[in-house]
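*Asks:* Can you keep this structure in mind? I'll have questions shortly.
The values are calculated or read from the model by the stated rules, or taken from the named source; none is laboratory data. Keep in mind it's a predicted model, so treat the numbers as computed, not measured. Backbone-built Cβ (ideal geometry, glycine too); neighbour counts: all protein chains shown. Only protein heavy atoms, including side chains, enter the accessible area calculation; ligands, DNA and RNA are left aside. Shrake-Rupley method; radii C 1.70, N 1.55, O 1.52, S 1.80 Å.
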Amino acid sequence: MKREFLSGNRAVAEAALLSGLRFYAGYPITPASDLMEYLAERLPKVGGIAVQFEDEIASINAAIGASWAGAKAMTATSGPGFSLMAEGISLAVATETPLVVVDIMRAGPSTGIPTKTTQSDVYQARWLAHGDYILPVFAPWSAQDSYDLTIKAFNVSEKLRTPVILLSDAVIAHMWETLYTREPGEVEIVSRKKPVEPPEEYKPYKAGEDLVPPMAVFGEGYKVIVESLVHDEAGYYRQDTRTYREMVTRLREKIMRNIGVVYEHEEYWLEDAKIIIVSYGSTARMAYPVAKSLLSRGLRVGFLRLKTLWPLDEGKLSSALSKADKIIVVENNTGRIYYDIARIAGRDRARFSPILTVDPPGFNEVLEAVSRWL
Amino acid sequence: MAVAKKVIHPLDKYLRSDRLPHIWCPGCGIGIALAAMLRGIDRRIREGKLDRNKLVFVTGIGCSARVSFYVDFDSAHTLHGRAIPFATGVKLANPSLEVIVVGGDGDIAGIGGNHLLHAARRNMDLFVVMITNFVYAMTGGQLAPTTPLRVYTTTTPYGNPEPPLNVIKLVASLNANYVARASVTTPHYIESFTYKALGMKGFRFLEVVSTCPEVYGRHIGLRNPVAMLEELKKRVIYKAHPVVDESDIDWDKGIVIGEYVVRNNPSYLDLIKRG
């Protein structure tokens, strides 16, 4: 363990390197460019490579290719570039490619305000691409959390053979903070499971009990098939309902069965709370002190910070929120997580305090938004 | 796959014969192109210059992209237009692999055109084979970037108003080490150009002019596979040293095939000192 002073983006880069990142592909975009600049210098020193591609479409497809050549791979971007990656995300899902995609949210829609943040890409992170699928989304609130959740993103992507989205934002990305980084061996690093059977018996999409197929990569003699079309266990294209149903069901189930590995939230003062404030990412940085201040004034207020934005462990969330009379969701958009909380906790208890700002919200701004429901 | 194979053709050892018959229409040129490529690959393998376990076929979407279904190598059937960036990621993550991209003209030069030009500019260590049939065949006969002027397609019912793209000229203008054109009427050149390309570094590009009697032939009045092949054969002119200025595909003046560019510029991997 080592005490460091890093920006959120550099914390992501350092955690990625510790996790075994060897291939980075990207295209310049504010506020993600400095992540690539940092890795362009660092990666060659550990035998890896960072490449600036012609666009974000090439970037994500190159990262998928690199993953199939055996490298841990990552790309990072922001809203407009993330939109261009949509089809690539779906390829990574269908081919069960371990991959980490970092989306540093800025203000949108369209070109928006490149240098300023919002939390408007929550649904984009979940449902960017076409097709029926599910993938994990993690949202850090600090440099330390950027570091820890990046390690988690790599581990989950390798363990479950899935693309994982790290949903940071412009505030977290460029804010410098002290944090503790790890040395190799101090934290568990997961790598994809390899086949144990000989190549002639190997089927690239045949999973065992855990629903995650062992992954042979190019050049190992397994004659791997990477297939974008709906495919059976062998990777052969099939146009029938049974194959489609089996594939789509397993892709979902391998994530949901591991919800305990994927889902995480933090609880503060929930034991006697009658009012729970729910927030995440950069907005949670101000929702937390507001909750703390209300608590110190004698109100029975608790605070819950989501670390995983998708999929949600509805059972775990529901029981954490069960004793409160009111649950106030504070987020920097016109309603994303609020609708999840309303579904899980019930509309009668859920309240929404949107903070629509492109600058980090001030204490009074959040206090005012929350006070409406007190 | 694991099934014991009954060998009925010398190239069966490179095919997933359990996936045959293939999807290509009777008279389609892609099978000729693939067989000729495999013969070139076979020569390199038999020479000990290429390890079949280190060979990766990467394709996008379209009729030509389906070759990845049938070759018994590591293979990837990826997204429409994105085979080149996928292949670039593969090559850079493991430079010991020989990565071959195969696609149609729509896949490689239409939707994937931006990736093509940047990979050629980088002199990326890839061998790209573009099989040109002048039409979007898998989707039923729409306009391709290579469709000649005035040809009627399903999306240009009044005739194509757009001059076609000469992909040889485009790639030759960049930093590619090898730019060649062959035709399905001259499979021996597909074979020898493939063989040669696999002995080189950097970006290597081979255009194979093909026949699509079922879809393109319907548009130009040549639905008979034999007639279409014969008509193409009449127009193909081999030159030992063709120049780029004569590379425009012109059905009336002829289609010049041969090796347009053979260079030894530093490849991407040379320049980053990797592999």
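*Asks:* Return the ratio Rg/(2.2 N^0.38 Å) for segment A:42-81, where Rg is computed over Cα atoms only.
*Replies:* Numbers: Rg = 10.7 Å, N = 40, 2.2 N^0.38 = 8.9 Å.
Compactness ratio reported: 1.19.
*Asks:* Then there is this: Just for the Cα atoms in the protein assembly as shown, what are the lengths along the principal axes, largest first, rounded to whole Å?
*Replies:* Principal-axis extents of the protein assembly as shown (Cα, largest first): 92, 55, 48 Å.
*Asks:* So which of A:72/A:223; A:307/B:273; A:45/A:307; A:72/B:6; A:159/A:274 end up more than 29 Å apart, counting from Cα to Cα?
*Replies:* Details: A:72/A:223 20 Å; A:307/B:273 41 Å; A:45/A:307 32 Å; A:72/B:6 39 Å; A:159/A:274 38 Å.
Pairs exceeding the cut-off: A:307/B:273; A:45/A:307; A:72/B:6; A:159/A:274.
*Asks:* Within chain B, which whole H helices from DSSP have a Cα span along their axis of at least 18 Å and a mean Kyte-Doolittle hydropathy of 0.0 or more, if any?
*Replies:* Values: long enough: B:30-46 (24 Å, 0.62).
Helix filter hits for chain B: B:30-46.
*Asks:* Same structure again: Over segment B:24-263, what is the relative contact order in whole percent, taking alpha-carbon pairs under 8 Å and six or more residues apart?
*Replies:* It rounds to 20 percent for segment B:24-263.
*Asks:* Provide, in order from the shortest bin, the percent of all Cα-Cα pairs of segment A:1-262 in each 10 Å bin, continuing until the bin that contains the maximum pair distance.
*Replies:* Distribution as computed: 7, 32, 36, 19, 5, 0 percent.
*Asks:* Buried accessible area for the B:A pair, summed, 1.4 Å probe, in Å² rounded to 100?
*Replies:* Values: alone 12200 and 15400 Å², together 24470 Å².
Summing both sides, the interface buries roughly 3100 Å².
*Asks:* Can I ask one more? Take the Cβ-Cβ distance between residue A:207 and residue B:252 as r, set R0 to 45 Å, and report the resulting FRET efficiency rounded to the nearest 0.05.
*Replies:* Details: r = 57 Å, r/R0 = 1.27.
Efficiency, rounded to the nearest 0.05: 0.20.
*Asks:* Can I ask one more? May I ask you to compute the full-extension gain from residue B:47 to residue B:241, defined as 0.36 nm times their residue separation minus their alpha-carbon distance, rounded to one decimal in nm?
*Replies:* On the way: separation 194, 0.36 × 194 = 69.84 nm, distance 2.71 nm.
Full extension from residue B:47 to residue B:241 adds 67.1 nm.
*Asks:* Using a 1.4 Å probe on the heavy atoms of the protein chains only, list every residue of segment B:94-131 that has 40 Å² or more less accessible area in the complete assembly than in its chain alone.
*Replies:* B:115, B:122
*Asks:* Using a 1.4 Å probe on the heavy atoms of the protein chains only, list every residue of segment B:38-56 that has 50 Å² or more less accessible area in the complete assembly than in its chain alone.
*Replies:* B:53
*Asks:* Ordered by residue, what ³J(HN,Hα) values in Hz, to whole numbers, does segment B:126-136 give under the Karplus form 6.51 cos²θ - 1.76 cosθ + 1.60, where θ = phi - 60° and Gly and Pro are x?
*Replies:* For segment B:126-136, the Karplus curve yields 9, 10, 10, 10, 10, 9, 8, 10, 6, 7, 8 Hz.
*Asks:* Rolling a 1.4 angstrom probe over the protein heavy atoms, how many square angstrom per residue are accessible across segment A:1-82? Don't jump to the answer; show the numbers that get you there.
*Replies:* Working: 2340 Å² over 82 residues.
Accessible area per residue: 28 Å².
*Asks:* May I ask for the distance between the Cα centers of segment A:305-374 and segment A:35-89, given as a whole number of Å?
*Replies:* 33
*Asks:* At 1.4 Å probe radius, can you tell me the per residue accessible area of segment B:105-175 in Å²? Intermediate results must be reported in sequence, preceding the final value.
*Replies:* Numbers: 2630 Å² over 71 residues.
Ligands and nucleic acids excluded, the result is 37 Å² per residue.
*Asks:* Suppose we look only past 27 Å in the calculated P(r) of segment B:24-263. What percent of the Cα-Cα pairs does that tail hold? Write down the numbers at each step before the final one.
*Replies:* Working: 7660 of 28680 pairs.
The calculated P(r) of segment B:24-263 puts 27 percent of pairs beyond 27 Å.
*Asks:* Can you tell me the relative contact order of segment A:265-371? Whole percent, Cα pairs under 8 Å, sequence separation 6 or more. Present the calculation step by step, with values, prior to reporting the outcome.
*Replies:* Working: 186 pairs, mean separation 32.5, N = 107.
The normalised contact order for segment A:265-371 reaches 30 percent.
*Asks:* Another question about this same structure. Along Cα→Cβ, 7 Å out, is where each label goes; now give me the distance between the ones at residue A:132 and residue B:6 in nm to one decimal.
*Replies:* It is 3.9 nm.
*Asks:* Skipping prolines and chain starts, which residues have an amide H placed within reach, meaning under 5 Å, of the one on residue A:352, given they are 5 or more residues away or on another chain?
*Replies:* Sorted by chain and number, the residues that satisfy this are A:329.
*Asks:* Now for a separate question. Report, to the nearest whole %, how much of the accessible area of the protein assembly as shown belongs to carbon and sulfur atoms, 1.4 Å probe, protein only.
*Replies:* Numbers: 12890 of 24470 Å².
Using a 1.4 Å probe with all protein chains present, the protein assembly as shown comes out at 53 percent carbon and sulfur.
*Asks:* Then there is this: Can you compute the FRET efficiency between residue B:262 and residue A:2 using 1/(1 + (r/R0)^6), with r the Cβ-Cβ distance and R0 = 60 Å? Round to the nearest 0.05. Could you put the intermediate results ahead of the total?
*Replies:* Details: r = 53 Å, r/R0 = 0.88.
The pair residue B:262/residue A:2 has a calculated efficiency of 0.70.
*Asks:* Once phi is turned into θ = phi - 60°, what whole-Hz ³J(HN,Hα) does the Karplus curve with 6.51, -1.76 and 1.60 give for every residue of segment A:72-79, x standing for Gly and Pro?
*Replies:* Running phi through 6.51 cos²θ - 1.76 cosθ + 1.60 with θ = phi - 60° gives 6, 10, 8, 9, 9, 7, 9, x Hz.
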